[in-house]
1. Counting DSSP beta bridges in the chain, what percent are antiparallel, to the nearest 5?
2. Expressed in nm², what is the orientationally averaged projection area of the convex hull enclosing the Cα positions of the stretch 5-88?
3. Loop-only check: which GluC sites (Glu not before Pro) in the stretch 182-291 are DSSP coil with at most 14 other Cβ within 10 angstrom?
4. Compute the distance from the alpha-carbon center of the stretch 601-630 to that of the stretch 296-329, in whole Å.
5. Starting from the alpha-carbon convex hull of the stretch 567-618, give the projected area averaged over all orientations, in nm².
6. Please list the non-local residues whose amide H lies under 5 Å from the amide H of residue 616, H modeled 1.01 Å from N, same-chain partners needing a gap of 5 or more.
7. Dividing the alpha-carbon radius of gyration of the stretch 247-356 by 2.2 N^0.38 Å (N being the number of residues), what value is obtained?
8. For the chain, what percent of Cα pairs sit more than 36 Å apart?
Amino acid sequence: MGTFPRTTNDTDPLLQRLAALASNLWWAWNPEAQEIFRDLSPQVWERSHHNAVEVLREASEAELRARLRDPDFLRKVKRALNEFEDYLGNRATWASRHSLRLKGPVVYFSAEFGLHESLPIYSGGLGVLSGDHAKSASDLGIPFLGIGLFYRQGYFQQHIDPNGWQQELYPVQEPERLPLELVTLPEGGRLLNSVEIGHSTVFFQTWRLKVGRTNVYLLDTNLPENDQHFQGLTANVYGGNIDTRIGQEIILGIGGVRLLRSMKIYPAVYHMNEGHSAFLVFEMLKEKIAEGKTIEEAEVIVRSQCVFTTHTPVPAGHDRFSSEMMDHTFSRFRNAMGLSHDNMMAYGRINGTEAAEPFTMTVLALRMSRAANAVSKLHGHVSREMWQHLYPGIPIEKVPIGSVTNGVHTPGWASAKAHEFWNKRLGYDWTNKLLEPKYWKKIEQNGLASDEELWALRYSLRRDLIEFIRQRLREQYVRTGESGTSFDRVLSPDRLTICFARRFATYKRAPLIFRKLDRIIPMLINPERPAQLVFAGKAHPRDNEGKKFIQKIIEMTRHPQLQGRVVFVENYDMNVARHLVAGADVWLNNPRRPLEASGTSGMKVLIHGGLNLSIMDGWWREGFDGTNGWSIGSDESQPDLEAQDEKDFENLVTILESRVIGEYYDRDKTGIPRAWIRRIRHSMRTLIPVYNSDRMVAEYATEYYRTSQQMIGTKSVIDNLAPREYLK
Ligand SMILES: *Cc1c(COP(=O)(O)O)cnc(C)c1O
């Protein structure tokens, strides 16, 4: 086994540069850099979930030296290294061009970061959003760093047993095999910090993860200094019981602030992504009180530095802790700060004097932030209604929660083929044009890419997806010892391909399309105009209803009339997602409105020419313009869930039958679906330059990070939806 990428001073400079490339996740959004590592060892690359560090570790210095003497390979390596080093160098960025001057970095706290499949420290959309936020902050040149937890056992890997039931596996991550670097003291030795949980002191170490120009710091309690049960505190994403939960949130929030101080970092902005990190305000209040400020003065200062993003449109989804639990867990901390239990509870209660009310992290975050936002316009309305009682006497539309609609990091989600396609037609700098709607206008004209070329791209991406799925199914079956199915006949590149992939939370209603088989089967197996369905997604380990939804889909994959036309791909992660969003003709999204705060997976299909078919919820409520995809129903809602499911199902089948399938198979003499491609072009032109994370981060920077005064509420009412309309 080789020694890379841990290099020494006498390592060949080229190898040192290669090691630096492997240990910065910049390669995760640069396919030409990934190609280097895949070329070095396709097998290790696959086996390690595309881990560049692992590939270099497996290669000896002798092998690397020899391979670099191949002029073609050397040319590729040099090109990627130059590009990488130029990126890290002092080139002009969006932030420098917009004179974004902040007094310190923006520090972004998140319980999950979805940066790459080789680092499974995310469970779903919230994590992927944090990862995309970090990548765009890097691309835009914003002084930024992230704080999260190092989940040694990560989020689980999913297998489906012969009964169609989800099984969870937790492989242990070894930091040496990941692009992680232990944060050490200048005098040597690792940097240790600690927090108080109940009467215990819990220590943590910190891993640095380089993401382009930015760093993400991951806190880790797996240390011999800790009691056995605290060693595993950060082992799993949202793992364990409520004690683990509050412990992890103390590490993230309070520990995060202590980490910053121990590194002498004084942020301009503390951005809480969801309420998990909100305990950070207690640590900041404590610091100010120690400096001699009164609690009122401390609050004003702390509030002026914090911003908060809420993601959860249902009250039950917000973290809550009982009074007893808070009392016990914070006893030592509170005494050190000189705060009574009741006064501490008041920060997290809507009604501060109501003793029965638990402590809600969102309430703490809302109270102690200078600005707060939801993640789509519709979610903004829902959030203002949900939290109105926190602001007595203020009308709903003035409740100080604005909105910044989520976006995705388009270069990171674009498949290698999509990169190649657009590099050739738009030039390599299309990835820097995501803030320029005008630039994307040319996609609607024929000159840039012909209908024929776009249709060839669609076929090629659909073919890639099908081959990926056949290979996956073959591996699944080898593992379970089942046999009998001919994988070469599963799915067809000639059929309309509809994909549904996301966490199997029940509100997302994965099996909705199978509500009435006599309606859906004839449609799928129509010999003239067939359609096929691809599903993927994990249910939370404790969510039996979600697991039943998976079982229902598995049952459909085995239905005699649907075999080979409906598939479920195991172990949904960022890699599976990347294949699905590239190959999908139609991305199906049918949540129970208004529970999808934003949703982001549908944004990942745009650059590949996929089209969205979605309930008018989250981002689609504002993205859909009538012709850039399709809506399932409109804004209507029913109080009765059964009735709503029935209505949404009917609307879904109707739009598929009457519009989607027909348009897909409406071909001209040369076999090209002209109207379909017109819709793709329109979708690309209208949606790519809006629903991306460069736009999102730029909006945070200008509307939320830059301002130092209280600016809460100024963005509240940006569209003219009547506030109550969607809850009826
Ligand atoms: C994009 C993504 C999500 C989020 O999908 P939603 O449509 O927002 O639910 C979840 N998991 C993975 C792996 C993703 O890539």
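1. DSSP beta bridges in the chain are roughly 35 percent antiparallel.
2. Values: hull surface 20.3 nm².
Across all orientations, the stretch 5-88 yields a mean hull projection of 5.1 nm².
3. Working: sites: 187, 196, 225, 249, 274, 283, 287, 291; in loops: 187, 225, 274, 291.
Loop-located and lightly packed - 187, 225, 291.
4. About 33 Å separates the Cα centre of the stretch 601-630 from the one of the stretch 296-329.
5. Averaged projected hull area, Cα only: 3.9 nm².
6. HN-HN under 5 Å from residue 616: 632.
7. Numbers: Rg = 14.0 Å, N = 110, 2.2 N^0.38 = 13.1 Å.
Normalised by 2.2 N^0.38 Å, the Cα Rg of the stretch 247-356 equals 1.07.
8. 42 percent
Taken together, the values in this text are just the output of simple stated rules run on the coordinates, not laboratory data. Note that the structure is predicted; figures quoted are calculated from it, not measured. Neighbour counts run over all protein chains shown; Cβ positions are idealised from the backbone, glycine included.
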